[in-house]
Amino acid sequence: MKKIISVLISAAVLLSFGGCRKNGSTAEKQVIIYSNADDEAVVSIKKALDENGFEGKYILQSFGTSELGGKLFAEGADIEADLITMSSFYIESAQKTNKMFRDLEFETACTTAHPSFYTPMLAIQGAVIVNTKMLADGELSYPKSIKDIGNPEYKNNISVVDLQGSTTAWLMVQALIESYGEAGAKEALKAIYENAGPHLELSGSGPIKKVRAGEVAVGFGLRHQAVRDKKAGLPIDFIDPTEGNYNLTESVAVINKAKKYNPLAMEMAQTIIEKGRENIIKDYPVVLYEGETVDKENQASNSRTYSEPLTTELLKEHIQLSESCK
């Protein structure tokens, strides 16, 4: 009896290990996607993949921008992911350091020049956001510029993003530096941070949440979120600042994994762009490819691009500048 039990246990163990190998083999065939995208974009990515033959063939994991950026620099091509969607400047800097991305094997009709190892998936833009009811109740004027929100009348009544917490704040910092130089930008940021007080947020969506809730009257945040709130009938409006609407793109790139390369990753990257943009542009209404259109109200009136290439090194410099203003 002991021998029979021993044989049965051994067989069970072997079956168990065999099952693990089988499951492991299945998992190895799945494309691993790492993404820093917001929830709206993730929904569009999954929809495009699922509706075009890739359902069950991928695993998508979400990360914060800084966290995923750290993994790209630390792990290079050894990263577990086969495919990533990530802020374009991080992808460029990671490629420069680690040579970790494959050239894309499909053509796109992108309206802006970019390296061959990624293509833009979406773009975000910044704007001044206001709660119209609070402005009226408090007899506050509509700000016309980012610099205006540092005026004394908005003391403790604004919310902005801390560049240490989210690159959404970089949209504001870029605009101030480009318009007023570093010295002028520092002066403006000191006044803005003083006005923000406890409403200096670590999340890119923090300011609009506080403006929406009526905790503050004015904020600087993501333009497309304010557009959506206004359309929904909330007492929210947005102002394209005189300094300009700067933007940041997030792109698709495929990891160069040599012998472990999964060709499905390239097919999925192409599908996200060719099939996913139709829905992505509804949430992030910035034209990136030929033939795309957005409603006039969704078009920023003062779109601009920073004069220097965006890199992680430049971001660190601007973080230091921002920190010196607190």
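Considering Val160, Val173, which residue is of a type in the set (A, V, I, L, M), more than 17 Å from Ile236 (Cα to Cα), buried (at least 24 other Cβ atoms within 10 Å of the Cβ) and outside the structural domain of Ile91 (by TED's automatic domain parsing)?
On the way: Val160 fails: more than 17 Å from Ile236 (Cα to Cα).
After applying the criteria, what remains is Val173.
Which of the residues that make up the stretch 281-311 are acidic (Asp, Glu) and either in contact with a strand residue (DSSP E or B) (Cβ under 9 Å, 6 or more places away or on another chain) or surrounded by 16 or more Cβ atoms within 10 Å (Cβ to Cβ) (or both)? Steps first, answer last, please.
We begin by selecting, within the stretch 281-311, every residue acidic (Asp, Glu); these are 283, 290, 292, 295, 297, 308.
The answer is Asp283, Glu290.
Cβ-Cβ under 6 Å, sequence separation 6+ or interchain: first residue in the stretch 260-272 and within 10 Å of Asn52 (Cβ to Cβ), partner among the small types (Gly, Ala, Ser) and assigned to a helix (DSSP H, G or I). Which pairs?
What qualifies is Thr271/Ala48; Ile272/Ala48.
Could you list all residues from the stretch 195-226 that are under 13 Å from Val128 (Cβ atoms) and either surrounded by fewer than 22 Cβ atoms within 10 Å (Cβ to Cβ) or of a type in the set (Val, Ile, Thr) (or both)?
Ile208, Val211, Val216, Val218
Can you find a residue in the stretch 165-180 that is aromatic (Phe, Trp, Tyr), outside any strand (DSSP E or B) and within 30 Å of Val254 (Cα to Cα)?
Restricting attention to the stretch 165-180, the residues satisfying the condition of being aromatic (Phe, Trp, Tyr) are 170, 180.
Retained after the next criterion (residues that are outside any strand (DSSP E or B)): 170, 180.
With within 30 Å of Val254 (Cα to Cα) added as a condition, the list becomes 170.
Yes, the stretch 165-180 has at least one match.
Quick one: Glu178 ticks every box in (1) surrounded by fewer than 16 Cβ atoms within 10 Å (Cβ to Cβ); (2) of a type in the set (Asp, Glu); (3) more than 17 Å from Val211 (Cα to Cα) bar one, so which box is it?
Exception for Glu178: condition (1).
Scan the stretch 106-119 residue by residue and report those that are farther than 13 Å from Glu274 by Cβ and not hydroxyl-bearing (Ser, Thr, Tyr). Give the derivation first.
Keep residues of the stretch 106-119 that are farther than 13 Å from Glu274 by Cβ, which gives 111-118.
Scanning the stretch 106-119 gives Ala113, His114, Pro115, Phe117.
With the requirement that a residue be in contact (Cβ under 8 Å) with a residue 24 or more places away in the chain, over 18 Å from Thr119 (Cβ atoms) and not acidic (Asp, Glu), what does the stretch 69-91 give you? Before the answer, list the steps.
Residues of the stretch 69-91 in contact (Cβ under 8 Å) with a residue 24 or more places away in the chain: 69, 71-73, 76-77, 79-91.
Now restrict to residues that are over 18 Å from Thr119 (Cβ atoms): 69, 71, 73, 76-77, 79-80.
Once the filter is applied, which keeps residues that are in contact (Cβ under 8 Å) with a residue 24 or more places away in the chain, over 18 Å from Thr119 (Cβ atoms) and not acidic (Asp, Glu), the stretch 69-91 yields Gly69, Lys71, Phe73, Gly76, Ala77, Ile79.
Somewhere in the stretch 161-176, is a residue over 22 Å from the mean Cα position of the chain (by Cα) and at pLDDT 95 or above? Break it down stepwise before answering.
Here is the first cut: in the stretch 161-176, the ones over 22 Å from the mean Cα position of the chain (by Cα) are none.
No, every residue in the stretch 161-176 fails to be over 22 Å from the mean Cα position of the chain (by Cα) and at pLDDT 95 or above.
Which residue out of Pro115, Pro143 is farther than 30 Å from Gly184 by Cα, touching a residue at least 12 places away in the same chain (Cβ under 8 Å) and over 17 Å from the mean Cα position of the chain (by Cα)? Steps first, please.
Working: Pro143 fails: farther than 30 Å from Gly184 by Cα.
Just a single option satisfies the conditions, and that option is Pro115.
The values are calculated or read from the model by the stated rules, or taken from the named source; none is laboratory data. Please read all numbers here as calculations on a predicted model, not as lab measurements. Virtual Cβ from ideal backbone geometry, glycine too; neighbours counted across all protein chains shown.
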